[in-house]
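Report on the structure given below.
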Amino acid sequence: MKADAITEDLTALAQKTDVIGVGSMDWRSKALIIGNHVVSADVSYMGCRFINMEFKTPAAGGDLFTIASQHGIEFIGCDFLATSTTAATGAILATACVDLAIKACRFMGAYSDAVIEVLAGQADGLTLVDNFVQGANTGIEISGSATFAAGRYGLIKGNVFATTGACIVDSEAKSYVVKNHLFTAAAKGVAMVGAITCGLTLAQDNRITTSDANNVVYPAEGSI
């Protein structure tokens, strides 16, 4: 596939189907789609999984994926590039998406807004595991209007964040935040709010480096 491939804006997904990228784009061993993809709630495309794909915005930038009320959508081993002429705004914006899973993916470039946004509505089973998330703003932002049923809280585990602003902003505070490594160009702020906001009772074993603190354990280890 050529580097100047024609753009294709996806408006539908393949229901209950794995979309697997085969072949290469230049030196990268993934299939590339360039476009701004808006998948509305009009039709249910449940259970679509993208595997080994690469996504990039067109020259004008914008958001990569804007998804509403689509359940069981997964991105596995994919690359999301904000490296067009105008940097992408965000990579994944999800509204009322249950069991959204993002695993072993790379988000690269100077995203001008939150790289991953979980907006209002039901977000049960959110999974963000083993990803590398870079951006010029926030890493992941979970709205205080997102809802999680008991026993269906989110999981943010084993990720590396490298951002200019806060790495994790979980305003709903109903996701487990475990063993992440956070790097931000921002100052640590009070109680590390410059790097992370989440539910303290759901957080363990994270490490944070800010502009004015290095390799801090978050939350602080408690006494026995």
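The values are calculated or read from the model by the stated rules, or taken from the named source; none is laboratory data. Everything quoted here is computed from the prediction, not taken from an experiment. Cβ sites come from the backbone with ideal geometry, for glycine too, and all protein chains shown count toward neighbours.
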Strands (runs of 3 or more DSSP E) lying entirely in segment 144-215 (those with 1 or more residues that are touching a His at 6+ places or on another chain (Cβ under 9 Å) and crowded, with 16+ Cβ neighbours inside 10 Å): 160-163, 206-210
Residue match in segment 70-89 (condition: in contact with a Pro (Cβ under 8 Å, 6 or more places away or on another chain) and among the hydroxyl-bearing types (Ser, Thr, Tyr)): yes
Of residues in segment 21-68 being of a type in the set (D, E, K, R) and surrounded by 15 or more Cβ atoms within 10 Å (Cβ to Cβ), the one farthest from Thr95 (Cα to Cα): Lys30
Any strands (runs of 3 or more DSSP E) falling wholly within segment 4-123 and containing at least 2 residues that are among the β-branched types (Val, Ile, Thr): 18-20, 31-34, 37-39, 65-68, 92-95, 116-118
Residue check, Thr127 surrounded by fewer than 17 Cβ atoms within 10 Å (Cβ to Cβ), farther than 28 Å from Leu81 by Cα and at pLDDT 95 or above: no
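A quick yes/no check of all residues on (1) out of contact with any helix residue (DSSP H, G or I) (no Cβ under 7 Å at 6 or more places or on another chain); (2) at pLDDT below 95; (3) under 19 Å from Gln122 (Cβ atoms):
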site	(1), (2), (3)
Asp26	yes, yes, no
Ser29	yes, yes, no
Gly35	yes, no, no
Arg49	yes, no, no
Gln70	yes, no, yes
Phe80	yes, no, no
Ala88	yes, no, no
Thr95	yes, no, yes
Test result for Thr138, modelled with pLDDT of 95 or more, polar (S, T, N, Q) and under 24 Å from Ser44 (Cα atoms): no
Qualifying positions in segment 1-52 - more than 16 Å from Leu64 (Cβ to Cβ), within 22 Å of the chain's Cα centre (by Cα) and of a type in the set (D, E, K, R): Lys16, Asp18, Arg28, Arg49
The listed residue being in contact with an Asp or Glu (Cβ under 8 Å, 6 or more places away or on another chain), on the phi < 0 side of the Ramachandran plot and modelled with pLDDT of 95 or more, out of Thr197, Thr164, Thr210: Thr197
